[in-house]
Every structure is written in structure tokens, then in C-alpha cells.
Amino acid sequence: MMELFFKPKSVAVVGASGTPGKLGYVIVKNIADSDFDGEVYPVNPKSDEILGYKVYKSLTEIPGEVDLVVTALPTPKITAAAMEECAKKGVKAVIIESAGFAEIGGEGKVIQQQIVDIAKKNNIRVMGPNCSGIVSRNIVTSIYPMTKKVSRGNVVLIGQSGLLAAGMASDIVENESLSVNKVCSIGNKCDVNENDLLEYFGEQDDVDVISMYLENVSDGKNLTRIAKKVAAEKPVIFLNGGRTDAGAKAAMSHTGSIASNSKIVKTAIQQTGMIQADDFGEMKDFAKVFSTQPLPKGNRIAVITLAGSVGVVVSDLCAEHGLELPKLTPDTMEILKDKFDTPVSNPVDLFFSVTKIGFTKTLETTFPDALKDPNIDAAVLILAGFEYTQEAVQKKIIQKIVAEVGKPVVVCMIVGYNKYKNVITDELGKDLPVFPSLISGVKALSKLCEYGIRKHQNQP
Amino acid sequence: MTVNEIISLARKEKRTVLTEIEAKQILQEAGISCTETKLAPTREQAVSLSNEIGYPVVLKVSSVDITHKSDAGGVKVNLKDQAAVETAYDEIMNSCRGQFPDANIEGISVQGMAKSGIEVIIGMTKDPSFGPVLMFGLGGVFVEVLKDVAFRIVPLEKSDANQMINEIQGKKLLEGYRGQDPADIPFLEDMLLKLSAFVDKTPEIKEIDMNPVFAYKEGAVVVDARIILDDE
């Protein structure tokens, strides 16, 4: 059933418009600009042609079958009427993008329920309302104008919000900052909810990482069951809104009064093996680390830096996030000693070598040895924005080493943001997880290690 | 009485709060060991039950209308002989009737005085979305002030029970702090798993407090229990 949303053979846009800027126009334009190769049927009683597509007066007038209907209609009432038409036409999947339903209460809530009733009676699945649907290579139903084609990536983002998910999708696609497979905005979740999507994407071989934001959990019992199954196979990153305890609950037991909904959601994340994100940035950052880096089997980290003080702070942050900085093996220390003239430990301070043989050469000769060390599971590489960093990035030195050694690496950038952000964060960031602060990089790596260790332990 | 009979009786009497005796009977049926607790509607019966159970005993007022039994002067512990039981019976009745003139008091529960152990709380509450959730923590000040507790969503796996016990901040106290006996952690895990299995098949129950549970070097026992049913 979910296939109809993501791989429809035909799609009708009810409320399509020929006026650039209008939502009904953006949706048709986004579909036209995607790789969608099925039939597109704009529906609008007052137009004949939109973006080269023949326009139909109503759904029932469309000659062929319609797999998916996207609606962008001005009022809830008209939307409910369109649902009746969908039932008549035999449509089985509908995305309702317009707002003004349960989220505003009153009549909106009543009409949303009418829509749910029509859907149940006619076996129709509904995404939304108050959402922006799907952003993917094969189809884009978003209300946010897309400037580039979506990558054929391995990450799925799911958001309960409408505009934010659409905006994030547009950003990510534009900057190529994350290898996205699909972004789904599910809005009010009147029917299709996170559990449907989690179960569906859990079974899709081209999806390696699922990252989602929810304001409220639709069905916690099933979420626990499904997330446990999916998170054992692939990382599921979870950001939940409403995480503070809003007032004491009236309960007749100690247990009832302590067990706030936020504590229970947190418990669910932990019990199912999902990964908790604390911010939209983390939702994306963690997905980046998980989708680009191999899973480590342990939490032993090498820190590669150019400045001693940075090494000290990273060491503290690692300890706070459950990561260890072991000594390198005597063999590695012996190799590195020759290059440095001074004893080398972990953090590996590159400064002396850089002054002798330059940055690129230092990286090429030092970084691989430290990363290959059998005492090391992963590395934090700290890059400062200097002229010589630019050379290393442009020659793709770091990417090559990381790919060769096959252990996870996160890059943290310090200083030189104004001049070198485009080089380090944007360019290097297309291939590797690059963070604008030490804490964000260390935290993301700690999540990767935590998941890697758990998965390793659970392997028979 | 069986679990179903106890629940039906409460439904018939239009109450959602079970008495301590009912709660313990239900937990016993779920395989969770509780201190032996019996109802004495009269002073004479309190004495004969005390003789039967063996001294020292504890007397507690049995009334669904009195939530905080200690505050109402409704609890007397460590009663060592018949005379002490008789005096305690009268004092409890006077104090509770004085403070709660409208309360329906069915009598006084007589229970064996459990030897003290590490105080633990085990509980259950039902979330509208996630269903039954279990809670584990150290009792007394640890749960009331510090809220040092761990939760798991039902059904629990063995590893969940183990992890939730290991997760609390005061874990060290369970391992035998300053020469104290350690708590029987495998036994507590088993209690959690039994409670999980029981609440999973008993949807009528809304909340459970087993507080305190005394955990010993070997075994553990529920000393006080409270069960609230769902509104019909």
C-alpha cells in the first residue's frame, strides 16, 4: 500500500494551478522536475493546460487509473469533497497538503475526522493533512520549490512538521550535505503515521539510515515493537518534541505520578535501540555520520590535531560522551616517532611535523598510521581553516585515507570559518561528516560507537 | 479469590482502588511473593490471626478511602504479643475514625513483620499510547525526592529487566554498600518479568505500586502494594 505513495504510476494534483508561486503550481512543477515518468493529471475546473500537462475538470473525468492524489485546496470542506471524489475514482493513496484541520481544532477537527471516515470506508490511505508529502528522486510533492534533483542516497528523513521538513529537504538537496533517499512530511498523521513509514523503510534495501522528528507519538505500543525490529537492522535517529515534563500528572500511584510521557518516550528510544537526537541539526548530523561511515566495533578513539589545547578539550569531551582515548601501540609510536623527533601520544599533535614537512605530507604519513593502529576503532580529525588545509581538501587526501583504512572518522573544524568554511564544511562535507564544533563531532561519533558496539554484541 | 473475582467484586462495588489485601492476592497469583496479609474485621480476629501468622506482626487499617495510612495513624509495626495487638487495634480504629469519619473501614489487616532489607519500589502505570510501563527504583527518599528510577515498556525481555536495575544511580546500594547485604538482583529481575507478563495479560489494571519491596541477599518480598483499576 505504501508503494502507491513512493512509486505511483500516475499522480493527480487536485487544486493544481497555472500561476507561478501558488502551492498548486509548485507541486506540479516539482513533479515535472523530478524523475517521475508516469502520468501527471492536474485537476482544476478553470484551466486547460498547466506546464504542458492537460488539465482535467475533475478526478472522475481522468481517463486512466490514478495511483496517487495530491491535494492543495483552499478549504477543509472542499478537501473533504475531493476525498469523496477519490473514493468514487477508486484512488487508494492521497496526500493532503493544505492546513486548517485538527491542528486548529473546532470545525477543522470535525472535517479531518470526516476524511478519516471516508478513507476507512473506502480503504484509502491518507498522508497529512497539513504536510508537504514526499521529496525523492522519483517524485516530489513538496510545496517548497526544489532547485536540484534529489540524490539517490541512503537516508530517509521523516518529519511531522510540514514546512520545516520541506525546507530542510530543499537545503540538503541544494547543498548536497546529506545523501538523501526520501524526505517525508506527515503533518497531522490522520492516517499514515511514523509506524507505517518505519516499517516500510525498514524493509527497503536502498535505505540505510532513518531519521525522524515527531511532535507526538501516534501509537507508542506499535512504535516500540516496530522500532525494535528496524533499529536492530539499521540506525533509527529520533528527535521528539515536548520532552519536558509539563506539570504533574494526576495519578493515584507513585509510579503514575513519576512516569511522565516524556520519560516514557525516552525509555522507548533506549529500549528499542533508537538514537536520540536533541536538535534538528543533530537529526541531520547523526544521519550524515551513520550514512557515510562504517560502524566501529569499539569506542577507542584517536584524536588528530594541530594544537595541544584542542586535544585537551577533545579528550574531555570524549570522556564525557563515553569514548576512550587509548595509547597507540608501541609499534605505531615507534613509526610516528621517526617523523616527529618527539614522543607521540594520543591526541596525536601534528604541529612539529607540519613545521618540518608541511600539512599535506604530514597527514599522508601520520594520519593513516594512527588510524590503522589496532588499539583504535575510530578517529576525530581536527582541521583548522588555513591555506594549507585547502590544498589537502582539494587533493582529497583525507577522503582517500579514510576510504583506505576503512574506520570511521569525523572531522571537526576550528578557526578560519569565514574564509575556509566553503572548503572544509561544504566541499569536504560532501564526502565526510564535518562539524563546526568539537562537541557536535564528538557527540555524533559517540552515537556511532554506541550503535556499533550494540550491533556487534547482538550479532550471533 | 482469583484475579478475575477480585476485579469483578471491585467493579460491582463501583470502586477502582483495591485494598492492600486484594492487591497482594493478585500479585501472589502473578507469582510475586508478598508478606502474608489477612483481614481482621474484629479485635478478636486480629489476635487470632496474629497468633496464626506469628509475632512480631504489623497492623494496618484496611480501607479504600484512606490513601495515606501512616498519616492517618493507621499503621502499627513490630507488635510483639497479644496485648500489643489489642492496644494497636483500638488506637488505629480510633485515629482513623477520628480523622476520616466517612471512610468505609472494612477492618484491619494483619501481616507478618518482614525482616528489613534494601527498600525497593516496583510499579506499573499505563500510558495511553505506549500501554503498560514498568518502573524500578530504590524506595523511600530515592524515589520520592531524587526520582532515581528506570522505566521499561511492557513486554520486557530479560535484558530489559537487567538493564533497568543497572540503570539507576543508586545501583551501588543494591550491591551491598558498607557491609550491608547485597540485594538478590536476579530475583528482582524475575519479579519484573513476572509483573510484565501479568500486566500484559491483565488490561483492566491501570496502576500498581509495590512499595516497599524488601530485597534480601536471597529473595525479596512485597511489603505493601497498591493496585488501581482502569475506569470502566
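The values are calculated or read from the model by the stated rules, or taken from the named source; none is laboratory data. Everything quoted here is computed from the prediction, not taken from an experiment. Positions of Cβ are generated from backbone atoms using ideal geometry, with glycine treated the same way; all protein chains shown enter the neighbour counts. Protein only, heavy atoms only, side chains kept; ligands, DNA and RNA dropped before computing areas. Shrake-Rupley method; radii C 1.70, N 1.55, O 1.52, S 1.80 Å.
Output the residue which, of all residues in segment A:95-113 that are aliphatic (A, V, I, L, M) and not in a strand (DSSP E or B), is most open to solvent (accessible area, probe 1.4 Å). The selected residue is A:ILE104.
Within segment A:65-77, residues that are more than 10 Å from A:PRO8 (Cβ to Cβ) reach partners that are open to solvent by 30 Å² or more (accessible area, probe 1.4 Å) and in a helix (DSSP H, G or I) with beta carbons closer than 8 Å, at six or more positions or on different chains, in the pairs A:ALA72/A:LEU23; A:PRO76/A:GLU107.
Please determine, by comparing only the residues of segment A:402-445 that are in a helix (DSSP H, G or I) and of a type in the set (Gly, Ala, Ser), which one is most open to solvent (accessible area, probe 1.4 Å). Step by step, filter segment A:402-445, then rank; the result is A:ALA403.
I want to confirm something. Restricting to segment B:114-136 and keeping residues that are of a type in the set (Ser, Thr, Tyr) and either free of Cβ contacts under 8 Å to residues at least 24 places away in the same chain or assigned to a loop (DSSP other than H, G, I, E, B) (or both), which single residue is nearest to the other protein chains (Cβ to nearest Cβ)? For segment B:114-136, the residue satisfying everything is B:SER129. Would a scan of segment B:21-40 turn up a residue that is over 19 Å from the mean Cα position of the chain (by Cα) and at positive phi? For segment B:21-40, residues over 19 Å from the mean Cα position of the chain (by Cα) and at positive phi: absent. All of B:ASP90, B:ASP71 fail the test of being touching a helix residue (DSSP H, G or I) at 6+ places or on another chain (Cβ under 9 Å), part of a helix (DSSP H, G or I) and either surrounded by fewer than 23 Cβ atoms within 10 Å (Cβ to Cβ) or at pLDDT below 95 (or both), apart from B:ASP90.
The residue that is most open to solvent (accessible area, probe 1.4 Å), counting only those in segment A:284-314 that are of a type in the set (Gly, Ala, Ser) and either under 30 Å from A:ASP426 (Cβ atoms) or within 14 Å of another protein chain (Cβ to nearest Cβ) (or both), is A:SER309.
The set of residues in segment A:46-64 that are open to solvent by 30 Å² or more (accessible area, probe 1.4 Å), touching a strand residue (DSSP E or B) at 6+ places or on another chain (Cβ under 9 Å) and over 19 Å from A:LYS9 (Cβ atoms) comprises A:ASP48, A:GLU49, A:LEU51, A:LYS57. Anything in segment A:193-233 that is among the charged types (D, E, K, R), touching a residue at least 40 places away in the same chain (Cβ under 8 Å) and within 14 Å of another protein chain (Cβ to nearest Cβ)? List them, or say none. Once the filter is applied, which keeps residues that are among the charged types (D, E, K, R), touching a residue at least 40 places away in the same chain (Cβ under 8 Å) and within 14 Å of another protein chain (Cβ to nearest Cβ), segment A:193-233 yields A:GLU215, A:LYS228.
Please verify whether segment A:272-283 includes one or more residues that are within 14 Å of chain B (Cβ to nearest Cβ), without any contact (Cβ under 8 Å) to a residue 60 or more places away in the chain, within 23 Å of B:ASP209 (Cα to Cα) and hydroxyl-bearing (Ser, Thr, Tyr). Looking through segment A:272-283, none of the residues is within 14 Å of chain B (Cβ to nearest Cβ), without any contact (Cβ under 8 Å) to a residue 60 or more places away in the chain, within 23 Å of B:ASP209 (Cα to Cα) and hydroxyl-bearing (Ser, Thr, Tyr).
Of the residues that make up segment A:133-150, is at least one touching a Leu at 6+ places or on another chain (Cβ under 7 Å) and open to solvent by 10 Å² or more (accessible area, probe 1.4 Å)? Yes, because at least one residue in segment A:133-150 is touching a Leu at 6+ places or on another chain (Cβ under 7 Å) and open to solvent by 10 Å² or more (accessible area, probe 1.4 Å). A single entry from B:GLU144, B:GLU106, B:GLU91 fulfils the requirement of being within 20 Å of the chain's Cα centre (by Cα) and not assigned by TED's automatic domain parsing to the domain that holds B:LEU193: B:GLU106. A:HIS254 falls short on exactly one of the conditions (1) more than 9 Å from every other protein chain (Cβ to nearest Cβ); (2) open to solvent by 30 Å² or more (accessible area, probe 1.4 Å), and that condition is (1).
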